[in-house]
1. Can you list the helices (runs of 4 or more DSSP H) lying wholly within segment B:5-76 that have 2 or more residues being over 17 Å from B:Arg93 (Cβ atoms)?
2. Give segment B:168-197 a look and list any residue that's away from the ligand (no atom under 16 Å from the Cβ) and at the interface with chain A (Cβ under 9 Å from one of its Cβ atoms), or say none.
3. Out of the residues in segment B:193-217 that are out of contact with any Leu (no Cβ under 9 Å at 6 or more places or on another chain) and part of a loop (DSSP other than H, G, I, E, B), which is nearest to B:Leu175 (Cα to Cα)?
4. For a quick check of your reading: which strands (runs of 3 or more DSSP E) sit entirely within segment B:84-184 and have at least 2 residues that are open to solvent by 50 Å² or more (accessible area, probe 1.4 Å)?
5. Being over 22 Å from B:Leu118 (Cβ atoms) and β-branched (Val, Ile, Thr): is that true of B:Ile82 here?
6. List, please: which pairs have Cβ atoms under 6 Å, are six or more places apart or on different chains, and start with a residue in segment B:228-242 that is more than 10 Å from chain A (Cβ to nearest Cβ) and end with one that is open to solvent by 50 Å² or more (accessible area, probe 1.4 Å)?
7. Give the residues of segment B:9-25 that are open to solvent by less than 10 Å² (accessible area, probe 1.4 Å) and in contact (Cβ under 8 Å) with a residue 60 or more places away in the chain, sorted by residue number.
8. Restrict the check to segment B:199-218 and report whether at least one residue is among the basic types (Lys, Arg) and open to solvent by 60 Å² or more (accessible area, probe 1.4 Å).
Amino acid sequence: MTITVRYQAQLRQAAGVASESVSLPKGATVLDLLRTLAEQRPALTAHLLGNTGGKRPSLLVFADDHQVEATQSLNGIVEVILMTPIAGGLF
Amino acid sequence: MAALEDEDRLRYAWQLDIAGFGEAGQLRLLQATVLITRAGGVGGCVAYQLAAAGVGRLRLAHGGPLRLDDLNRQLLMSQAGIGRPRVELAAERLHALNPHVRIEPIAANASPENVAQLLDGVDLVVSCAPLFAERLALNQEAVRRGIPLIDCAMYELEFQMLTVLPRRSACLACLYPEEPPAWRRRFPVFGAVAGTVGCLGAMEAIKLLAGLGEPLMNRLLLGDLRDMSFRRVGVERRPDCAVCGAAV
Ligand SMILES: [Zn+2]
(Lines give C-alpha, C1' and ligand atoms only; values in the text may rest on other atoms or scores of the structure.)
Protein backbone atom coordinates (compact mmCIF):
# COMPACT_ATOMS: atom_id res chain seq x y z
CA MET A 1 0.00 0.00 0.00
CA THR A 2 1.10 3.58 -0.63
CA ILE A 3 0.74 6.37 1.90
CA THR A 4 1.39 10.06 1.55
CA VAL A 5 3.47 11.37 4.45
CA ARG A 6 3.40 15.07 5.28
CA TYR A 7 6.08 16.56 7.49
CA GLN A 8 5.29 19.52 9.75
CA ALA A 9 7.43 21.89 11.81
CA GLN A 10 11.08 20.84 12.36
CA LEU A 11 10.51 17.50 10.66
CA ARG A 12 10.23 19.17 7.30
CA GLN A 13 13.75 20.51 7.56
CA ALA A 14 15.09 17.17 8.78
CA ALA A 15 13.33 15.31 5.96
CA GLY A 16 14.32 17.83 3.33
CA VAL A 17 10.87 17.51 1.71
CA ALA A 18 7.39 18.67 2.73
CA SER A 19 5.72 15.40 1.72
CA GLU A 20 6.43 12.12 -0.02
CA SER A 21 4.85 8.80 -0.98
CA VAL A 22 5.91 5.71 0.92
CA SER A 23 5.24 2.07 -0.01
CA LEU A 24 4.51 -0.27 2.88
CA PRO A 25 3.49 -3.92 3.13
CA LYS A 26 -0.20 -4.51 3.76
CA GLY A 27 -1.01 -4.46 7.48
CA ALA A 28 1.85 -2.12 8.34
CA THR A 29 1.44 -0.06 11.51
CA VAL A 30 2.37 3.50 12.38
CA LEU A 31 5.56 2.20 13.96
CA ASP A 32 6.44 0.27 10.78
CA LEU A 33 6.03 3.49 8.84
CA LEU A 34 8.27 5.41 11.25
CA ARG A 35 10.99 2.74 11.04
CA THR A 36 10.82 2.73 7.25
CA LEU A 37 11.13 6.52 7.13
CA ALA A 38 14.05 6.49 9.57
CA GLU A 39 15.83 3.97 7.36
CA GLN A 40 15.26 6.02 4.23
CA ARG A 41 16.11 9.35 5.86
CA PRO A 42 18.55 8.89 8.74
CA ALA A 43 18.27 12.59 9.70
CA LEU A 44 14.70 11.85 10.79
CA THR A 45 15.56 8.99 13.13
CA ALA A 46 16.08 11.04 16.30
CA HIS A 47 12.79 12.87 15.68
CA LEU A 48 10.71 9.75 15.04
CA LEU A 49 12.13 7.01 17.23
CA GLY A 50 13.22 6.81 20.85
CA ASN A 51 16.39 5.11 22.08
CA THR A 52 14.75 1.69 22.21
CA GLY A 53 13.37 1.91 18.68
CA GLY A 54 9.78 2.69 19.68
CA LYS A 55 7.83 5.78 18.60
CA ARG A 56 9.19 8.90 20.21
CA PRO A 57 6.54 9.80 22.80
CA SER A 58 6.36 13.48 21.91
CA LEU A 59 5.93 12.85 18.16
CA LEU A 60 2.39 13.61 16.97
CA VAL A 61 0.97 11.30 14.31
CA PHE A 62 -2.31 11.95 12.51
CA ALA A 63 -3.72 9.37 10.08
CA ASP A 64 -6.41 10.77 7.79
CA ASP A 65 -6.85 13.68 10.20
CA HIS A 66 -7.08 11.68 13.44
CA GLN A 67 -4.44 11.32 16.11
CA VAL A 68 -3.19 7.71 16.26
CA GLU A 69 -0.94 5.52 18.40
CA ALA A 70 2.14 3.60 17.26
CA THR A 71 0.32 0.26 17.16
CA GLN A 72 -2.43 1.48 14.86
CA SER A 73 -2.70 -0.28 11.51
CA LEU A 74 -2.46 1.94 8.46
CA ASN A 75 -4.78 -0.19 6.32
CA GLY A 76 -7.04 2.07 4.33
CA ILE A 77 -5.15 5.22 5.37
CA VAL A 78 -4.36 7.69 2.61
CA GLU A 79 -2.33 10.35 4.38
CA VAL A 80 -0.21 10.54 7.53
CA ILE A 81 0.88 13.83 9.11
CA LEU A 82 3.98 13.73 11.28
CA MET A 83 4.65 16.60 13.59
CA THR A 84 7.05 17.52 16.34
CA PRO A 85 5.44 19.55 19.12
CA ILE A 86 5.53 23.26 18.46
CA ALA A 87 5.41 25.96 21.06
CA GLY A 88 4.35 29.59 20.91
CA GLY A 89 4.75 33.06 22.24
CA LEU A 90 8.52 33.29 22.48
CA PHE A 91 10.38 34.35 25.57
CA MET B 1 -28.71 42.40 33.22
CA ALA B 2 -26.90 45.73 32.96
CA ALA B 3 -27.20 47.72 29.74
CA LEU B 4 -24.46 49.15 27.56
CA GLU B 5 -23.55 52.78 28.06
CA ASP B 6 -23.79 55.19 25.15
CA GLU B 7 -20.02 55.35 24.75
CA ASP B 8 -19.86 51.55 24.54
CA ARG B 9 -22.55 51.53 21.86
CA LEU B 10 -20.39 53.85 19.81
CA ARG B 11 -17.01 52.25 20.56
CA TYR B 12 -18.24 48.77 19.71
CA ALA B 13 -20.74 49.79 17.01
CA TRP B 14 -18.93 47.84 14.27
CA GLN B 15 -19.24 44.56 16.14
CA LEU B 16 -22.64 44.99 17.78
CA ASP B 17 -24.40 44.12 14.52
CA ILE B 18 -22.74 40.72 14.23
CA ALA B 19 -25.34 37.95 14.10
CA GLY B 20 -25.48 36.05 17.37
CA PHE B 21 -23.45 38.69 19.23
CA GLY B 22 -25.26 42.01 19.79
CA GLU B 23 -25.56 43.87 23.08
CA ALA B 24 -25.85 40.66 25.10
CA GLY B 25 -22.56 39.39 23.67
CA GLN B 26 -20.88 42.73 24.28
CA LEU B 27 -22.03 42.72 27.90
CA ARG B 28 -20.56 39.26 28.36
CA LEU B 29 -17.21 40.52 27.07
CA LEU B 30 -17.33 43.60 29.30
CA GLN B 31 -17.96 41.43 32.35
CA ALA B 32 -15.25 38.88 31.54
CA THR B 33 -11.75 38.41 32.90
CA VAL B 34 -9.17 36.73 30.65
CA LEU B 35 -5.67 35.56 31.57
CA ILE B 36 -3.14 35.85 28.75
CA THR B 37 0.28 34.38 29.20
CA ARG B 38 2.58 35.57 27.78
CA ALA B 39 2.11 38.96 26.09
CA GLY B 40 4.80 38.60 23.40
CA GLY B 41 4.34 37.95 19.69
CA VAL B 42 1.25 35.78 20.04
CA GLY B 43 -0.16 36.85 23.41
CA GLY B 44 0.40 40.55 22.70
CA CYS B 45 -1.77 40.20 19.62
CA VAL B 46 -4.44 38.31 21.60
CA ALA B 47 -4.42 41.05 24.24
CA TYR B 48 -4.60 43.83 21.65
CA GLN B 49 -7.62 42.25 19.96
CA LEU B 50 -9.39 41.50 23.24
CA ALA B 51 -8.82 45.03 24.50
CA ALA B 52 -10.20 46.41 21.25
CA ALA B 53 -13.21 44.08 21.47
CA GLY B 54 -13.94 45.27 25.01
CA VAL B 55 -13.09 42.36 27.31
CA GLY B 56 -13.51 43.92 30.72
CA ARG B 57 -10.38 42.73 32.47
CA LEU B 58 -7.13 41.37 31.04
CA ARG B 59 -4.58 39.74 33.30
CA LEU B 60 -1.22 39.63 31.51
CA ALA B 61 1.58 37.44 32.78
CA HIS B 62 4.95 38.04 31.18
CA GLY B 63 8.40 38.28 32.75
CA GLY B 64 11.51 40.10 31.64
CA PRO B 65 12.58 43.35 30.01
CA LEU B 66 12.18 44.22 26.33
CA ARG B 67 15.08 43.38 24.00
CA LEU B 68 15.78 44.59 20.50
CA ASP B 69 15.20 41.12 19.04
CA ASP B 70 11.64 41.07 20.44
CA LEU B 71 10.55 43.82 18.09
CA ASN B 72 10.07 41.74 14.93
CA ARG B 73 6.86 40.36 16.42
CA GLN B 74 5.94 41.93 19.78
CA LEU B 75 3.73 44.72 18.51
CA LEU B 76 2.64 46.09 21.89
CA MET B 77 6.24 47.20 22.42
CA SER B 78 8.26 50.10 21.05
CA GLN B 79 11.89 50.88 20.32
CA ALA B 80 11.93 53.42 23.16
CA GLY B 81 10.90 50.71 25.60
CA ILE B 82 14.02 48.55 25.27
CA GLY B 83 15.17 47.55 28.73
CA ARG B 84 11.79 48.19 30.39
CA PRO B 85 9.51 45.39 31.66
CA ARG B 86 7.53 44.04 28.72
CA VAL B 87 4.35 43.59 30.70
CA GLU B 88 4.36 47.30 31.63
CA LEU B 89 4.85 48.32 28.01
CA ALA B 90 2.01 46.01 27.00
CA ALA B 91 -0.29 47.49 29.64
CA GLU B 92 0.47 51.04 28.44
CA ARG B 93 -0.29 50.22 24.83
CA LEU B 94 -3.54 48.45 25.72
CA HIS B 95 -4.62 51.32 27.93
CA ALA B 96 -3.91 53.79 25.11
CA LEU B 97 -6.16 51.74 22.81
CA ASN B 98 -9.02 51.24 25.25
CA PRO B 99 -8.81 52.99 28.63
CA HIS B 100 -11.93 51.18 29.90
CA VAL B 101 -10.26 47.77 29.93
CA ARG B 102 -8.73 46.99 33.29
CA ILE B 103 -5.25 45.60 32.86
CA GLU B 104 -3.59 43.51 35.55
CA PRO B 105 0.09 43.28 34.62
CA ILE B 106 2.02 40.50 36.31
CA ALA B 107 5.77 40.56 35.69
CA ALA B 108 6.24 36.80 35.78
CA ASN B 109 5.71 33.89 33.43
CA ALA B 110 3.35 31.08 34.37
CA SER B 111 4.87 28.24 36.38
CA PRO B 112 3.54 25.35 38.46
CA GLU B 113 4.14 27.57 41.51
CA ASN B 114 1.99 30.51 40.42
CA VAL B 115 -0.73 29.05 38.15
CA ALA B 116 -3.28 28.78 40.97
CA GLN B 117 -2.90 32.49 41.66
CA LEU B 118 -2.87 33.43 37.97
CA LEU B 119 -6.12 31.58 37.24
CA ASP B 120 -7.93 32.83 40.30
CA GLY B 121 -11.11 34.62 39.22
CA VAL B 122 -10.59 34.30 35.47
CA ASP B 123 -13.24 33.14 32.99
CA LEU B 124 -10.85 32.04 30.26
CA VAL B 125 -7.14 31.42 29.69
CA VAL B 126 -5.23 32.05 26.47
CA SER B 127 -1.90 30.27 26.68
CA CYS B 128 0.77 31.72 24.41
CA ALA B 129 3.78 30.38 26.27
CA PRO B 130 6.77 28.89 24.47
CA LEU B 131 7.66 26.28 27.07
CA PHE B 132 5.74 23.06 27.51
CA ALA B 133 6.23 23.11 31.29
CA GLU B 134 4.37 26.42 31.32
CA ARG B 135 1.64 25.35 28.90
CA LEU B 136 1.03 22.07 30.67
CA ALA B 137 0.88 23.77 34.09
CA LEU B 138 -1.74 26.19 32.74
CA ASN B 139 -3.67 23.31 31.18
CA GLN B 140 -3.66 21.33 34.42
CA GLU B 141 -4.91 24.22 36.53
CA ALA B 142 -7.52 25.21 33.93
CA VAL B 143 -8.90 21.66 33.81
CA ARG B 144 -8.87 21.40 37.60
CA ARG B 145 -10.95 24.58 37.87
CA GLY B 146 -13.13 23.93 34.82
CA ILE B 147 -11.90 27.08 33.06
CA PRO B 148 -11.73 26.96 29.23
CA LEU B 149 -8.24 27.34 27.77
CA ILE B 150 -7.02 28.22 24.30
CA ASP B 151 -3.49 27.07 23.48
CA CYS B 152 -1.65 28.85 20.66
CA ALA B 153 1.72 27.84 19.25
CA MET B 154 3.90 28.60 16.26
CA TYR B 155 7.05 27.57 14.47
CA GLU B 156 8.55 29.22 11.41
CA LEU B 157 5.56 29.70 9.04
CA GLU B 158 3.40 27.15 10.85
CA PHE B 159 1.02 27.49 13.75
CA GLN B 160 -1.41 25.41 15.74
CA MET B 161 -4.29 26.06 18.09
CA LEU B 162 -6.29 23.86 20.46
CA THR B 163 -9.30 24.83 22.56
CA VAL B 164 -9.73 22.92 25.81
CA LEU B 165 -13.18 22.72 27.33
CA PRO B 166 -12.36 20.92 30.58
CA ARG B 167 -13.70 17.36 30.75
CA ARG B 168 -15.68 17.96 27.56
CA SER B 169 -12.86 17.98 25.04
CA ALA B 170 -9.29 16.74 24.73
CA CYS B 171 -6.86 18.73 26.88
CA LEU B 172 -3.26 19.59 26.16
CA ALA B 173 -2.10 16.58 28.18
CA CYS B 174 -4.30 14.31 26.04
CA LEU B 175 -2.39 15.62 23.01
CA TYR B 176 1.01 15.46 24.76
CA PRO B 177 0.89 12.69 27.38
CA GLU B 178 4.61 13.23 27.99
CA GLU B 179 6.27 16.60 28.22
CA PRO B 180 8.19 17.17 24.98
CA PRO B 181 11.90 17.95 25.23
CA ALA B 182 12.91 21.53 25.98
CA TRP B 183 13.46 24.05 23.23
CA ARG B 184 16.26 26.45 22.67
CA ARG B 185 15.25 30.04 23.34
CA ARG B 186 15.09 31.31 19.79
CA PHE B 187 13.27 29.59 16.98
CA PRO B 188 12.50 30.94 13.53
CA VAL B 189 9.29 32.92 13.16
CA PHE B 190 7.82 35.94 11.44
CA GLY B 191 5.77 38.42 13.43
CA ALA B 192 2.96 37.93 10.92
CA VAL B 193 2.75 34.24 11.88
CA ALA B 194 2.56 35.14 15.57
CA GLY B 195 -0.11 37.70 14.69
CA THR B 196 -2.10 35.18 12.67
CA VAL B 197 -2.38 32.65 15.47
CA GLY B 198 -2.85 35.47 17.98
CA CYS B 199 -5.86 36.79 16.05
CA LEU B 200 -7.29 33.28 15.74
CA GLY B 201 -6.87 32.77 19.50
CA ALA B 202 -8.51 36.12 20.21
CA MET B 203 -11.47 35.28 17.97
CA GLU B 204 -11.86 31.91 19.67
CA ALA B 205 -11.79 33.70 23.06
CA ILE B 206 -14.49 36.16 21.97
CA LYS B 207 -16.64 33.29 20.72
CA LEU B 208 -16.32 31.33 23.95
CA LEU B 209 -17.03 34.35 26.14
CA ALA B 210 -19.98 35.56 24.09
CA GLY B 211 -21.41 32.11 23.29
CA LEU B 212 -20.96 32.62 19.56
CA GLY B 213 -20.23 30.05 16.85
CA GLU B 214 -18.57 26.66 17.31
CA PRO B 215 -15.51 26.22 19.51
CA LEU B 216 -12.53 24.22 18.22
CA MET B 217 -13.15 21.29 20.55
CA ASN B 218 -11.47 17.93 19.89
CA ARG B 219 -9.77 19.48 16.90
CA LEU B 220 -6.25 20.77 16.55
CA LEU B 221 -6.06 23.55 13.99
CA LEU B 222 -2.90 23.37 11.89
CA GLY B 223 -1.91 26.21 9.62
CA ASP B 224 1.00 26.48 7.25
CA LEU B 225 1.39 29.95 5.79
CA ARG B 226 4.12 28.75 3.44
CA ASP B 227 1.39 27.34 1.19
CA MET B 228 -1.64 28.87 2.99
CA SER B 229 -3.00 25.48 4.00
CA PHE B 230 -5.29 25.20 7.00
CA ARG B 231 -6.66 21.96 8.39
CA ARG B 232 -8.26 20.58 11.51
CA VAL B 233 -7.13 17.20 12.78
CA GLY B 234 -9.07 15.15 15.31
CA VAL B 235 -7.74 14.77 18.85
CA GLU B 236 -9.59 12.66 21.38
CA ARG B 237 -9.72 12.70 25.15
CA ARG B 238 -7.55 9.96 26.60
CA PRO B 239 -9.40 7.94 29.24
CA ASP B 240 -6.04 7.56 31.01
CA CYS B 241 -5.09 11.26 30.74
CA ALA B 242 -3.19 12.32 33.87
CA VAL B 243 -5.01 15.67 33.83
CA CYS B 244 -8.57 15.10 32.60
CA GLY B 245 -8.88 11.28 32.64
CA ALA B 246 -11.42 9.22 34.54
CA ALA B 247 -9.07 8.58 37.47
CA VAL B 248 -8.42 12.29 38.14
ZN1 LIG C 1 -6.61 15.34 29.08
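1. Filter on segment B:5-76 gives B:6-11, B:13-16, B:22-30.
2. B:Pro181, B:Trp183, B:Arg185, B:Arg186, B:Phe187, B:Val189, B:Ala194, B:Val197 - these are the residues of segment B:168-197 that are away from the ligand (no atom under 16 Å from the Cβ) and at the interface with chain A (Cβ under 9 Å from one of its Cβ atoms).
3. Looking at residues that are out of contact with any Leu (no Cβ under 9 Å at 6 or more places or on another chain) and part of a loop (DSSP other than H, G, I, E, B), I get B:Glu214.
4. In segment B:84-184, B:102-106 are the strands (runs of 3 or more DSSP E) which contain 2 or more residues that are open to solvent by 50 Å² or more (accessible area, probe 1.4 Å).
5. Answer is yes for this residue.
6. B:Pro239/B:Ala246
7. Applying the first criterion (open to solvent by less than 10 Å² (accessible area, probe 1.4 Å)) to segment B:9-25 yields B:12, B:25.
If the condition is that a residue be open to solvent by less than 10 Å² (accessible area, probe 1.4 Å) and in contact (Cβ under 8 Å) with a residue 60 or more places away in the chain, then B:Gly25 is the only one that fits.
8. Among the residues of segment B:199-218, not one is among the basic types (Lys, Arg) and open to solvent by 60 Å² or more (accessible area, probe 1.4 Å), which makes the answer no.
The values are calculated or read from the model by the stated rules, or taken from the named source; none is laboratory data. From a predicted model like this one, the values you see are computed outputs, not experimental measurements. Positions of Cβ are generated from backbone atoms using ideal geometry, with glycine treated the same way; all protein chains shown enter the neighbour counts. What goes into the accessible areas is simple: the full protein's heavy atoms, side chains included, and nothing from ligands, DNA or RNA. Shrake-Rupley method; radii C 1.70, N 1.55, O 1.52, S 1.80 Å.
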